[in-house]
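Report on the following structure.
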Amino acid sequence: MRLSGSIIRPSSQTSLHTTSAPTATADGPLERVEGAHVTKGHGQPVVTDAPAVGTKTPILEVRGLGVDFFVDGEWLPAAIDMDYDVRPGEVLAIVGESGSGKTQSSMSLLGLLPQNGRAKGSAKLAGRELVGLSHKQLSSVRGKEVAVIFQEPMTALNPVYTVGFQIVETLRTHFDIGPKAARARAVELLRLVDLPQPEKSVDKYPHQLSGGQRQRAMIAQALACDPKLLIADEPTTALDVTVQAEILKLMRDLRTRIDSGIVLITHDMGVVADLADRVIVMRHGRIVEAGSADEIFNRPQHPYTKQLLDAVPHLGATVGDSAVDAGLGTGPATSGTTAVPVSRPVVAAQEPGAVPALEAKGLVIEYPGRGRVPAFRAVDGIDLTIGRGEVVGLVGESGSGKTTVGRAAVGLLPVAGGSMKIGGHEMSGIGSKELRDIRRDVSIVFQDPGSSLNPRLPIGESIGEPLKLRKLANGAELNKRIEDLLDQVHLERGMRNRYPHELSGGQRQRVGIARALALSPKLLIADEPTSALDVSVQARVLDLFQELQREHGFACLFISHDLAVVEILSSRIAVMHKGTIAEQGPRDQILRAPKDDYTRRLLAAVPVPDPAEQKIRREARDRLLEQELARQGVTSTYAGGA
Amino acid sequence: MTTSTPLSPQGGEHHDAVETNENALELKEVEGLSQGRIVLRRFLRHRGAMAGAVVLAIVVVLATTSIGWGPIPGWWKYTPTQLLPVENAGGSPTLSFGDGITIGNHPMGQDNVGHDVFARVMRGTQQSLLVMVVIGLLATTIGIVIGALAGFLRGRLDNLLMRFTDMVITIPTIMIGAILGAWVGGASPITLAIALSLVTWTSMARLVRGEFLSLREREFVDAARVAGASNGRIMFKHMLPNAVGVIIVNTTLLMASAILLETALSYLGFGIVAPDVSLGQLINEYQTAFATRPWLFWWPGLFIVIIALCVNFIGDGLRDAFDPRQRRIPTRRSMARAARREAASTAVRVDVRG
C-alpha cells in the first residue's frame, strides 16, 4: 500500500500546484485508494514494468492487419501484415517516424480511414472482429469499447460546446442514462483526471482551459464509457514539456485504476520509456521489432531500432549522465564535456573591446494592442549577450517569449523598450534603411520549413534571393554561389530547380539553412529549426548545423523547447519563463547545478529514452515537486486553505 | 518509392532511404512535377471543365471565322448588315433534320427585313466575348491592386480602400452600368467593357485582400523580408503567385457574370445599340417577335447560355485544380478493379514460385 500511495499522491499535488485548485483533491484520495484496491485485487503491481500483465488474455488481437491507400490507380500499402496483442492494463507503444503507418494502422481499428483507404486482415476486440464492420456496427464500438485520445485537444474538442456537454453526449449516446446522472458522471470523470474544480470546469468551453487541462478533459471524455481499449495518438506531442510530464503521470496513474489496454502511438522515445510495457517499432509500414520496453531500449536487435535510439538527443548525454538527475544532482563533472566539438572556449566574448554579436539590456518587446485590447508584453526586461562565434541556447515553454526575442533580433518585431545591439548597432527605433544593412549580418532559420519557403519559387531562387537583392552576385556567379550553398548543406545541385513540396521535411530545412547562410551572417537566429522534424532527420540536421557552425564560425542564438537539443549545440544556456530570463549561464552549470526553481522543474520534466533512468528521474521529479509544494504550503495561505 | 534523387555523397548513404521515404505516399501523386503541372493535370482530369473548354473553343472559332474579324473576311456568305430577300415563309430557319441534315441558306432563319440571323448571332457572339474578356482582365487588375494594397499594408489605407469598395458594392451594378452605359452609350463595346469593369472589381478586391491577410502571416514573407526584399517585391513576386488560384477562379466566374451583365444592359437598351449587335441587343431587338418568330429569340439566347455555362464550368474546374486539399475520391469500381488486378498479379507470382 505504501508503494501505490507513493506513486499516486504526488499527482494530486501536481494538479494542486500547477492549477491552483484546492478543491480538486477533496474527494480525490478516496477514489485513488479504491483504484489501488481494484488493481491489487487483480493481483497487479502498480509499477510500470509489470510482468504480471503478460498472463492475462488479450483484449485486442491483431493478425495480419494491413492498410492500403488508393493512389493514382493502384493500392499502395501504408501498413503491412501487422501482428500484435494488447492485454488489459498494459501499455503498448507503437513507435515510428512519420509515414511509417503507425497512426493509420491504429485508426483502421475504428474504421477511421480516409475514403481511399482500406483495411484487411483481422483485428479482434475481446473476440469480436473489427475489420469489415459496417458503419452502424462501428459506431457502437467507437467511444464505448474503443476510445481515442487525439494529438491536438484544441481541434479534437468542439469549441462551441462545453466540456461537460461533450462528455454527457458521449455517455447518453451509448447508455440509457438521464441528463442529471450523466452530468454527475461527467463531474466524476473530470475529477478522475485531476481537472481542477470539476463542478465548475464541467461548464467551461475548451478555450477557457489551458492546453494541459484540455488534454485532461479529452482523456475524461475518452474514459466516459469505460472503454476496453484506449488509443492515444501522440497524446503529449502538442504540449510543453512540463505539461507533458503531468499528462504522462496522469496516464500512468490511470492505467492502474482502469482495466483497459492502452495503445500509445508516438515518435518520442522519452514518452515510450516513461509509459510503455511493450514496444513495437514500425518502419515503412512493417513491424521491424517488437518486445518489452526493457528489451527494446537495452538490447535492440534490429539496426533500425538502434539507429532510432541513437538519433534521440538524450538529456545529460553531453555533460554526463549522473549529473542531470532531475536537476538535483551535485555530482562531480565527468569527462563528457570535452568530447563535444561545439563547446569551444568562448574567447571573443570575454575580450575587452570586442563588440558582441548581440547585446540586450533591459529588452522589452510588446505586441501592440488593438482597440480595447491592451498591448501584450511578451518580453519584459531581459539581459542577454552573445559573443562572436558563440552559440547560446534559449529554452523555455511556448509563450515564454523566446521566439519573440529571435524575431526582434532580425528586426521583424520592434523593440519597445531597453536596448538591443546587433553587432554594435542599436535596434531600438531603427529605420528601414539601417535595418536593411544590419540584415546583411544577421539571419534567421525558421521553425517550420514548410511554411518558410515560398511554395511557388524553386528552391534555388529562394536560396539566391538574398544575394540577388543585395546585388552581390548575378548571372553565372549567382548560380555558382547557389551551388556552393547547396553543397554546404549536402543537397544535390540538381535540386535547385525543385519546388518545396517535392522535398522532404529534412531537405526543406536544409534549404532554409542554406538561405540563412547565403550572406555569411555574423549572427544566426535558429528558431526551433528541428522541432517539426522526425528524430533521425533532426539528428542529421543538427550534425549539419554543428559542422557549418565550426566552418563559418557564426554566432548563434539557438531557440528551442528541447533541452536535449540545446545541450548538444550550445556553450551557454538561457532559460526563459513568462517573458523574463529565469537563469542563464554556462551549459554545464545550468544542466548540472541549476539555481532557479523553474529551471529545475523544466529539467526534471524532460523524459529520457531509457526506462530505468526515466523511473529514477520521475521519482526525483515527484520529490522536487513535493519539496516545492511544502515550501509553498508554509508561505501561502492559499494552499493552507485546502 | 523513388521520390527524389539521392543526396550527394557527403549526405551519407543510410540517410537517403529514410529521408526520401518520409512522406513517400503523399508525394507519390506530385512526384517530379511543378505546381503548375499539377494544376494542369488536375484540370485536364476534370470532365466538366474540359467539356466546357472544348465547347467554348468551338464557339470562339465559329464566331471569328464564319463572318470574319475586322477586315479579315470569313467563310460565311452573308454579313450581319446585308438585307436579303426573305426565303422561307416569315423567314423561318432553313436548318432541318428531315432526311439528313440540311443547312440551307439561312440555317437560323431571317428577320422580317431579311437580315441573316446566323451572321447576326455570330457578330453578337464576337462582341459579347470581347466585352467579357476586357471586363475579365481589367476588373481583375483593379481588384488585385486594390485588394493587395489593402491586405498587405493594412491600417488606415486598408480601411479607406475597403470602405470605398463597400460603397461601390452598395450601389446596384446594373444602375451604375446603366448610367455609365448611357454616358458612353452607343460607343464601342470596348468603352462599355471599361465602364463595366469600374463597377465589377469589388468581389475580386475583397477576395485578394483576404488571401493577402492570411499570406502575410506565413513565414516565407518574413523570410523574404529578412533577405532584404522590398514591399513591392514581397507583394507581387512572393505573395501574388500564391494567390493565383483564387484569382484565376474568380476571374472566370467574373467573366461569366460579365457576359450576363452586358446582355442585361443591352437588353435594357443601355449597352451596345443598333446598328451594331451583341447577343443581349439581339434579344432586345427581337423581343416583340417572340410569339411569331421564336427563332429570332432562341438562337441568341442559346449562345448566351452556352457561353455562360462553359465559362462557369471552366471556373469550377480551375477551382478544383487549384485546391490541393481537394482529393479526387476514387470510385468504388476503380478501387475494386485495382484490388482484383493486385490479387491476380500476386496469384501469378505465387504460381511462378510454386
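The values are calculated or read from the model by the stated rules, or taken from the named source; none is laboratory data. What you see is a predicted model, and the numbers here were worked out from it, not measured in a lab. So basically every Cβ, Gly included, is an ideal-geometry build from the backbone, and we count neighbours across all protein chains shown.
Can you tell me how many residues within the range B:61-78 are at negative phi, assigned to a loop (DSSP other than H, G, I, E, B) and among the small types (G, A, S)?
1
Does any residue of the range B:242-252 turn out to be modelled with pLDDT under 85 and surrounded by 20 or more Cβ atoms within 10 Å (Cβ to Cβ)?
yes
Regarding A:G494, is this residue part of a helix (DSSP H, G or I) and either among the charged types (D, E, K, R) or surrounded by fewer than 22 Cβ atoms within 10 Å (Cβ to Cβ) (or both)?
Criteria met by A:G494.
Is it true that some residue in the range A:461-470 is assigned to a helix (DSSP H, G or I), buried (at least 22 other Cβ atoms within 10 Å of the Cβ) and of a type in the set (S, T, N, Q)?
So far as the range A:461-470 goes, yes, one or more of its residues are assigned to a helix (DSSP H, G or I), buried (at least 22 other Cβ atoms within 10 Å of the Cβ) and of a type in the set (S, T, N, Q).
Scanning for something within 14 Å of chain B (Cβ to nearest Cβ), hydrophobic (A, V, I, L, M, F, W, C) and closer than 27 Å to A:D68 by Cβ, does the range A:272-286 turn up at least one residue?
Taking every residue of the range A:272-286 in turn, at least one turns out to be within 14 Å of chain B (Cβ to nearest Cβ), hydrophobic (A, V, I, L, M, F, W, C) and closer than 27 Å to A:D68 by Cβ.
Just one of (1) of a type in the set (S, T, Y); (2) surrounded by fewer than 20 Cβ atoms within 10 Å (Cβ to Cβ); (3) more than 24 Å from A:G89 (Cα to Cα) trips up A:S292, so point out which.
In the conditions (1) of a type in the set (S, T, Y); (2) surrounded by fewer than 20 Cβ atoms within 10 Å (Cβ to Cβ); (3) more than 24 Å from A:G89 (Cα to Cα), A:S292 misses (3) alone.
Okay, residues lined up against (1) modelled with pLDDT under 85; (2) of a type outside the set (V, I, T); (3) assigned to a loop (DSSP other than H, G, I, E, B); (4) crowded, with 22+ Cβ neighbours inside 10 Å:
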| site | (1), (2), (3), (4) |
| --- | --- |
| A:S100 | yes, yes, yes, yes |
| A:S106 | no, yes, no, yes |
| A:A123 | no, yes, no, yes |
| A:A147 | no, yes, no, yes |
| A:M154 | yes, yes, no, no |
| A:T173 | no, no, no, no |
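Name every residue in the range A:468-496 that is away from chain B (no Cβ under 14 Å) and more than 24 Å from A:R436 (Cα to Cα), in order of residue number.
A:A476, A:K480 - these are the residues of the range A:468-496 that are away from chain B (no Cβ under 14 Å) and more than 24 Å from A:R436 (Cα to Cα).
Yes or no: the range B:162-182 includes at least one residue that is modelled with pLDDT of 90 or more and crowded, with 20+ Cβ neighbours inside 10 Å.
yes
Residues of the range B:195-219 being assigned to a helix (DSSP H, G or I), free of Cβ contacts under 8 Å to residues at least 24 places away in the same chain and closer than 20 Å to B:F236 by Cα, which ones?
Correct list: B:S214, B:E219.
From (1) out of contact with any Asp or Glu (no Cβ under 9 Å at 6 or more places or on another chain); (2) within 14 Å of chain A (Cβ to nearest Cβ); (3) in a helix (DSSP H, G or I), pick out the condition that doesn't hold for B:A224.
Failed condition: (1).
Output the residue which, of all residues in the range A:83-98 that are under 20 Å from the mean Cα position of the chain (by Cα), part of a strand (DSSP E or B) and over 19 Å from A:D226 (Cα atoms), is farthest from the other protein chains (Cβ to nearest Cβ).
This residue is A:A93.
Quick test of your reading of the structure: A:K433 fulfils all but one of (1) of a type in the set (K, R); (2) facing another protein chain (nearest Cβ under 7 Å); (3) within 27 Å of A:V415 (Cα to Cα). Name the failing condition by number.
(2)
Could you list, in sequence order, all residues of the range A:530-557 that are over 15 Å from A:L486 (Cα atoms) and within 12 Å of another protein chain (Cβ to nearest Cβ)?
Those that are over 15 Å from A:L486 (Cα atoms) and within 12 Å of another protein chain (Cβ to nearest Cβ): A:A532, A:L533, A:D534, A:V535, A:S536, A:V537, A:Q538, A:A539, A:R540, A:D543.
Within the range B:305-354, can you find the residues that are more than 19 Å from B:F43 (Cβ to Cβ), more than 14 Å from every other protein chain (Cβ to nearest Cβ) and modelled with pLDDT of 75 or more?
Selection gives B:V305, B:I306, B:I307, B:A308.
Quick one: A:E397 ticks every box in (1) among the charged types (D, E, K, R); (2) more than 16 Å from A:G579 (Cβ to Cβ); (3) away from every other protein chain (no Cβ under 14 Å) except a single one, so which number is it?
(2)
In the list A:K102, A:K136, A:K120, which residue meets the criterion of being more than 30 Å from the chain's Cα centre (by Cα) and within 14 Å of chain B (Cβ to nearest Cβ)?
A:K120
Does A:D226 qualify as being touching a Pro at 6+ places or on another chain (Cβ under 6 Å), part of a loop (DSSP other than H, G, I, E, B) and modelled with pLDDT under 90? Steps first, please.
Details: touching a Pro at 6+ places or on another chain (Cβ under 6 Å): no; part of a loop (DSSP other than H, G, I, E, B): yes; modelled with pLDDT under 90: yes.
In short, no.
Among B:G136, B:G245, B:G143, B:G232, which is part of a helix (DSSP H, G or I) and over 29 Å from B:I304 (Cβ atoms)?
Testing whether each residue is part of a helix (DSSP H, G or I) and over 29 Å from B:I304 (Cβ atoms) leaves just B:G232.
Test of understanding: among A:A224, A:A217, A:A232, which residue is closer than 24 Å to A:D562 by Cβ, of a type outside the set (S, T, N, Q) and in contact (Cβ under 8 Å) with a residue 12 or more places away in the chain?
The conditions single out A:A232.
Are any of the residues in the range A:59-81 away from chain B (no Cβ under 13 Å), farther than 27 Å from A:V535 by Cα, part of a loop (DSSP other than H, G, I, E, B) and in contact (Cβ under 8 Å) with a residue 12 or more places away in the chain?
Yes, that holds for at least one residue.
Would you please list the contacts, defined by Cβ atoms under 7 Å and residues six or more apart or on different chains, that run from a residue in the range A:593-617 that is free of Cβ contacts under 8 Å to residues at least 60 places away in the same chain to a residue that is surrounded by fewer than 16 Cβ atoms within 10 Å (Cβ to Cβ)?
Final answer for the pair search is A:D597/A:E628.
Can you spot a residue in the range A:581-598 that is more than 15 Å from A:G316 (Cβ to Cβ), modelled with pLDDT of 85 or more and in a helix (DSSP H, G or I)?
yes
Somewhere in the range A:407-414, is a residue on the phi > 0 side of the Ramachandran plot, modelled with pLDDT of 80 or more and in contact with a helix residue (DSSP H, G or I) (Cβ under 6 Å, 6 or more places away or on another chain)? Walk me through it before giving the result.
Restricting attention to the range A:407-414, the residues satisfying the condition of being on the phi > 0 side of the Ramachandran plot are A:411.
Filter once more, keeping what is modelled with pLDDT of 80 or more: A:411.
Going one step further and asking which of them are in contact with a helix residue (DSSP H, G or I) (Cβ under 6 Å, 6 or more places away or on another chain), we end up with A:411.
Yes, there is a match, as at least one residue in the range A:407-414 is on the phi > 0 side of the Ramachandran plot, modelled with pLDDT of 80 or more and in contact with a helix residue (DSSP H, G or I) (Cβ under 6 Å, 6 or more places away or on another chain).
Taking A:A526 and the conditions (1) within 12 Å of chain B (Cβ to nearest Cβ); (2) closer than 20 Å to B:V221 by Cβ; (3) not β-branched (V, I, T), which numbered condition does it fall short on, given that it satisfies the others?
(1)
Which condition breaks for A:G389 when tested against (1) within 21 Å of A:I581 (Cβ to Cβ); (2) surrounded by 16 or more Cβ atoms within 10 Å (Cβ to Cβ); (3) away from chain B (no Cβ under 14 Å)?
(1)
Only one of (1) at pLDDT below 85; (2) charged (D, E, K, R); (3) under 20 Å from A:R540 (Cα atoms) is not met by A:K471, so which one is it?
The single condition A:K471 does not satisfy is (3).
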